[in-house]
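Okay, so here's the structure we're looking at.
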Amino acid sequence: MPRRPAHAPSLPRRPSRAPRLSRRPRSPRREVPAPVGDRLQQALDALTRAGVLDALSAYGPVVAGTIPLGIDTSASDIDVLCEARDPVAFVRDALRFARLPRFALHRKDDADPPAIVCRFEAEGLPVEIFAQPLPVTVQRAYRHMLAERRLLRIAGQGAVEAIRHLRASGLRTEPAFAEHLALTGDPYLALLDLADRSDAELAATVAHGRRVRDACPFCRIVEGGEASVVHADPCALAFMNLRQGNPGHVLVVPRRHIPTVFDLDPETAAGIARAVARVARAVRAAFAAGDLNVWQSNGVAAGQEVDHLHVHLLPRRAGDGLFQVYPPDTPPPPRPRGELDDLAARIRRAM
Ligand SMILES: [Zn+2]
């Protein structure tokens, strides 16, 4: 039988007392979250009464995810990690939950190694069981949680509240940490890397995030600072530019602190592009502005004033004298094809 990690929030094997029905239902309107221990116990109670714990006892189940960290929202799953060496046996046991509402079972092939994921509701609470043929302590979700718990302990209650705010606005847990700490690159890999670091290195990471947020006006807006917000989604935020080149001048920024286009990952790039297209159409409709520049600058020579990638959506009127690609009186002449082919080849070699 898999060993249960001693320092993990472990599940009891069977109910230690009679069901306490008075604990339910949770108030969906509660603004101040209950203490972590209460919510964890509530999750354990629901799993116990639904018979989930007994059914999974051979797989060393561990509650992970946001509830043990105290950054859960009303929509958070109860995440349970399992070590399942025999997937056929695990599926057979998981099918015992098929009687529960919203039951679904699937194989997750993009996990390494592939996982089995089982979802259902227990007493109205969404549950996700994640099983891999690996000890829970080396599974990514568990290592993420360990890194996140240490980071929150070092960063303090302000970080708990900031990350809960980011999650409530639609971010998943690891992207929310990456945003708060100003981590670059893939958030999931960045958190895994932090799981292996010392407390001193985590403290340096927390301090780096704090410095970036303190220095960056757009990060402050992302974390709830004052702005006239137009659009918000898990990747991007759009708000009115302080200076209105023409009425309707909007900035679209990634939620994460990404300084320039050179730092942009494909997923964020796609999210920014979606937000730009959507907001651009709304600006055109709202201001009867037929024409519009989509404009983005990288580096001082290019005119970038804030070191957090931002895309200007600037409605244009004929003769407004704003942004021009070329000096209007002296545009550069067209270049010969051979010269353009040489330039193109130079860039292709760098791709
Ligand atoms: Zn920023």
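The values are calculated or read from the model by the stated rules, or taken from the named source; none is laboratory data. The model shown is predicted, which means the values in this text are computed figures rather than measured ones. Glycine also receives a Cβ, built like all others from the backbone with ideal geometry; neighbour counts cover every protein chain displayed.
At a glance:
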read-out	value
In the stretch 281-332, residue surrounded by the most Cβ atoms within 10 Å (Cβ to Cβ) [restricted to those that are closer than 25 Å to residue 211 by Cα and of a type in the set (D, E, K, R)]	307
Residue satisfying all of: in the stretch 115-157; in contact with a strand residue (DSSP E or B) (Cβ under 6 Å, 6 or more places away or on another chain) and assigned to a loop (DSSP other than H, G, I, E, B); surrounded by the fewest Cβ atoms within 10 Å (Cβ to Cβ) among these	135
Residue match in the stretch 179-188 (condition: surrounded by fewer than 16 Cβ atoms within 10 Å (Cβ to Cβ) and free of Cβ contacts under 8 Å to residues at least 24 places away in the same chain)	no
So residue 266, is it under 25 Å from residue 176 (Cβ atoms), of a type outside the set (S, T, N, Q) and surrounded by 15 or more Cβ atoms within 10 Å (Cβ to Cβ)	no
Test result for residue 54, at pLDDT 85 or above, in contact with a strand residue (DSSP E or B) (Cβ under 8 Å, 6 or more places away or on another chain) and not in a loop (DSSP other than H, G, I, E, B)	no
Residue in the stretch 74-114 that is nearest to residue 62 (Cα to Cα), counting only those that are in a loop (DSSP other than H, G, I, E, B) and of a type in the set (A, V, I, L, M)	84
Inter-residue pairs, beta-carbon under 9 Å, first farther than 14 Å from residue 250 by Cβ and not assigned by TED's automatic domain parsing to the domain that holds residue 273 and in the stretch 312-327, second surrounded by 15 or more Cβ atoms within 10 Å (Cβ to Cβ) and among the aromatic types (Phe, Trp, Tyr), 6+ apart	323/295
Positions within the stretch 217-229 being closer than 17 Å to residue 177 by Cα and within 10 Å of the ligand (Cβ to nearest atom), in sequence order	218, 219, 220, 221, 222, 223
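A quick yes/no check of all residues on (1) at pLDDT 90 or above; (2) out of contact with any Pro (no Cβ under 8 Å at 6 or more places or on another chain):
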residue	(1), (2)
259	yes, yes
274	yes, yes
277	yes, yes
281	yes, yes
284	yes, no
300	yes, yes
310	yes, yes
323	no, yes
329	no, yes
